[in-house]
Amino acid sequence: WSVVESRGANMPQQKDIVKIAIQMPGAYPQLIQLDQKKPLSAVIKEVCDGWNLPGPDNYALQYADGVQTYITESNRLDIKNGCILRLTKAPGRCAEDLYKGIQSSDAGVRCDSLKELASVSTDVTFAQEFISRDGHLLLVKTVEDSNESSMIMTHTLTGFMELMDHGIVSWENLSTVFIKKIASFVNAKPTDASIQQVSLDILESMVLSSYSLFLQVKQEVTMERLIAHLQVTNQQIQTKAMALLMALLQTAGDSDRQNIIHSSGAVQDEMAHYLYVLQSVTLNHLEPRMRTALDCYSQEQRDILHGLRQAAFETESENSLSHERRRSLCAKEFKKLGFSNNSNPGQDLVRTPPGLLALDTMFYFATRYPDAYSRFVLENSSREDKHECPFARSSIQLTLILCEILRIGEPPSETGSDYHPIFFSQDRLMEELFCVCIQLLNKTWKEMRATQEDFDKVMQVVREQITRTLSSKPTSLELFKNKVNALNYSEILKLRQTERLHQEETLAPPVLELKERLKPELLELIRQQRLNRLCQGTMFRKISSRRRQDKLWYCRLSPNHKMLHYGDVEEDAENPPIETLQDKIPVADIKGLLTGKDCPHMKENKGKQNKEVLDLAFSITYDVEEYSLNFIAPSRTDFCLWTDGLSVLLGREMSSESMRSELEILLSMEIKLRLLDLENVPIPESAPVVPKPPTNYNFCYDFSQTEQ
């Protein structure tokens, strides 16, 4: 081993010295201490002197292992201690030799030169030297003439593709003759498989580089041949043909995309199947993220979580806060973001699926559409706790819903053909769909006037909105966005009602007759339930003129249904006895039931009440309508129960949405039970014995625990 050291008065600092080994065929390696401040030409000269080699300008250094990249002044700082380099021909000299070899009259020399060119063209330094000599034009001419053997043509196309990948030369400079020749390699049936693989690669790059080249390639490549490539056993050709088809569809506009899909004539079924497979395979690349739970020890993932928090809230400088103050602030802001476990939000992302994919979609939304993200979070932070739409919890569930709708993680079916045209018009479809749908979810939440208890119901409606819109086959994200936002909650209810009526119309007459016979019995059951609920009573709040909810009162119906008892109670009072309620109104004296803005206490504060309070307000009038008892229900459910119950007492029909929903459920269950085939099935005369309670309830999970 010989050692080359830099000596002198100004010794280089230790951090500028890298200890490396340099090899050359037929010579002992040199172990040197490379001074990163010394010009590379001087280092190469010292190495050449160590082996007594003349003309150091003809040599260069490159990595001996892995990707054998040339060492240049721009990348020399990447050299680490212990690296093994090799002294080799300088890229300019190598480019010159290969340029001459490609033009040799000897086919063997041409083949070897092109094979080496395909290998060394991966290096950008060599590529610059070769292209500066117009070497790429030499390859283009070889392809256009097409007089070479299959092996030489494969090496020519491979070298050309590697050179073009560096972006030194524009794809748009290629001639029409060259494009037609590459397309002919793809269209030809008996062509060598290696030539077809590289040709498919080249066409894909052309399509992705410019719209004008896309039009030329679309005109030259036939869909029948492209589908034929998808059916071969060669997996490399299948993959590259699928990539070209994907590039064509993604680059095309709506009309061009439809022309491509329908241009295959008699192979429409095959085209639909392969589009479905292409969609499935591409989306399944997200499966690893979907199956991976958040790692609480990953600094990168923790940084993303805190990035979500910091993007939503403009907080004071956290570095100046004490540890406890900072921890408290973070927990408070994570709660506003909608995480259930605000002290350790990573626990919300442990469930798989959706796993880390939910974190990815949230982060994409926050960074891609920061204004919409901030608006979502801040808008819900200002609502009452029970009415806020939790961003994190909603995002996690929405990501899961999108995974299920798009069937991420499911292997493609051998006969499947149900693809989404929107997939081929949009990069990162999953993330972009999420960004549209999370804003849709917030809109639907407000339309439904939902509370935390309605979370699952809202998610069911959102799933239906997405599924119905995708079933209409929108061809672009903008079209999907317009359609899904037009399909609001009221439209969903109308569609459900229409479908229900249509379903009823298709039922056999005996079933419809049975349904009508069952209605009175079930309506009576609901009436009794409403009256029983009024007998149990409900606690109401009084709202003063200053909008302060400071007093409580209780109201309940007497067991004989003849008196309404009410009176003020303390906050800790639960189900106070009827004797403690001092005031009462005979049911016979009740003259009317008013709701919403027609109520006296809503008219008194006209213009001051918000819509939420109006929707919960009702009043009863009594004694020739001179007096009224005014209510504001604690929830929409209580409003429906009380207005239905009071309607029953007044001899009127119940009309709440709750009653209609319950009647439909009961009718559906009763009809299914009546239509069960019970032949030879023994039905017990008495109800089965209820089993004893378990010794503990450790198997239950209390969802009300939002933090530990």
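The values are calculated or read from the model by the stated rules, or taken from the named source; none is laboratory data. Since the structure is predicted, the reported quantities are computational estimates derived from the model, not experimental observations. No Cβ is skipped: glycine too gets one built from the backbone with ideal geometry, and neighbour counts run over all protein chains shown. Areas reflect the complete protein model, heavy atoms only, side chains present, ligands, DNA and RNA absent. Shrake-Rupley method; radii C 1.70, N 1.55, O 1.52, S 1.80 Å.
A single entry from Ala372, Ala366 fulfils the requirement of being aliphatic (A, V, I, L, M), surrounded by fewer than 19 Cβ atoms within 10 Å (Cβ to Cβ), under 16 Å from Phe434 (Cα atoms) and in contact (Cβ under 8 Å) with a residue 24 or more places away in the chain: Ala372. Screening Ala241 against (1) free of Cβ contacts under 8 Å to residues at least 40 places away in the same chain; (2) touching a Leu at 6+ places or on another chain (Cβ under 6 Å) leaves a single unmet condition, (1). Quick one: count up the residues across the stretch 330-356 that are in a helix (DSSP H, G or I) and open to solvent by less than 20 Å² (accessible area, probe 1.4 Å). Final tally of qualifying residues: 8.
Okay, residues lined up against (1) under 30 Å from Lys562 (Cβ atoms); (2) open to solvent by 60 Å² or more (accessible area, probe 1.4 Å):
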residue: Asp454; (1), (2): no, no
residue: Val462; (1), (2): no, no
residue: Thr467; (1), (2): no, yes
residue: Phe480; (1), (2): no, no
residue: Thr498; (1), (2): no, yes
residue: Glu516; (1), (2): no, yes
residue: Lys519; (1), (2): yes, yes
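Is it true that some residue in the stretch 86-107 is open to solvent by 60 Å² or more (accessible area, probe 1.4 Å), of a type in the set (A, V, I, L, M, F, W, C) and not in a loop (DSSP other than H, G, I, E, B)? Looking for residues that are open to solvent by 60 Å² or more (accessible area, probe 1.4 Å), of a type in the set (A, V, I, L, M, F, W, C) and not in a loop (DSSP other than H, G, I, E, B), one finds none in the stretch 86-107, hence no. The sole residue among Arg463, Arg500, Arg496, Arg517 that is over 34 Å from the mean Cα position of the chain (by Cα) and in a helix (DSSP H, G or I) is Arg517.
Scanning the stretch 403-443 for residues that are more than 30 Å from Cys389 (Cβ to Cβ) and either open to solvent by 40 Å² or more (accessible area, probe 1.4 Å) or free of Cβ contacts under 8 Å to residues at least 12 places away in the same chain (or both) yields a count of 7.
State all residues of the stretch 451-487 that are at pLDDT below 90 and closer than 14 Å to Glu388 by Cα; if no residue qualifies, say none. Across the stretch 451-487, the qualifying residues are Thr451, Gln452, Glu453.
Remark: pairs (first residue in the stretch 631-655, more than 15 Å from His561 (Cα to Cα); second residue of a type in the set (A, V, I, L, M) and assigned to a helix (DSSP H, G or I); Cβ separation under 6 Å; 6+ apart in sequence or on different chains) = Ile632/Leu616; Ala633/Leu616; Phe639/Leu616. Within the option set Ile401, Ile422, Ile438, being more than 29 Å from Leu337 (Cα to Cα), within 19 Å of the chain's Cα centre (by Cα) and of a type outside the set (D, E, K, R) holds for one residue only, Ile422.
Kindly provide the set of residues from the stretch 287-309 that are part of a helix (DSSP H, G or I) and either open to solvent by 70 Å² or more (accessible area, probe 1.4 Å) or within 15 Å of Ile396 (Cβ to Cβ) (or both), ordered by number. Those that are part of a helix (DSSP H, G or I) and either open to solvent by 70 Å² or more (accessible area, probe 1.4 Å) or within 15 Å of Ile396 (Cβ to Cβ) (or both): Pro288, Arg289, Met290, Gln299, Glu300, Gln301, Arg302, Asp303, Ile304, Leu305, Leu308. Selection over the stretch 375-406 of residues that are out of contact with any Gly (no Cβ under 9 Å at 6 or more places or on another chain), in a loop (DSSP other than H, G, I, E, B) and not acidic (Asp, Glu) gives a count of 2. Looking across the stretch 658-696, the residues that are of a type outside the set (A, V, I, L, M, F, W, C), touching a helix residue (DSSP H, G or I) at 6+ places or on another chain (Cβ under 7 Å) and under 27 Å from Phe631 (Cβ atoms) come down to Ser658, Glu662. Report whether or not Leu400 is within 30 Å of Asn259 (Cα to Cα) and either surrounded by 15 or more Cβ atoms within 10 Å (Cβ to Cβ) or of a type outside the set (Gly, Ala, Ser) (or both). Spelling it out, it is not the case that Leu400 is within 30 Å of Asn259 (Cα to Cα) and either surrounded by 15 or more Cβ atoms within 10 Å (Cβ to Cβ) or of a type outside the set (Gly, Ala, Ser) (or both). Residue check: Ser661 meets all listed conditions (1) at pLDDT below 85; (2) under 26 Å from Gln536 (Cα atoms) but one, namely (1).
Please report, ordered by residue number, the helices (runs of 4 or more DSSP H) entirely within the stretch 218-262 with at least 2 residues that are at pLDDT 85 or above, surrounded by fewer than 17 Cβ atoms within 10 Å (Cβ to Cβ) and at negative phi.
Filter on the stretch 218-262 gives 235-251.
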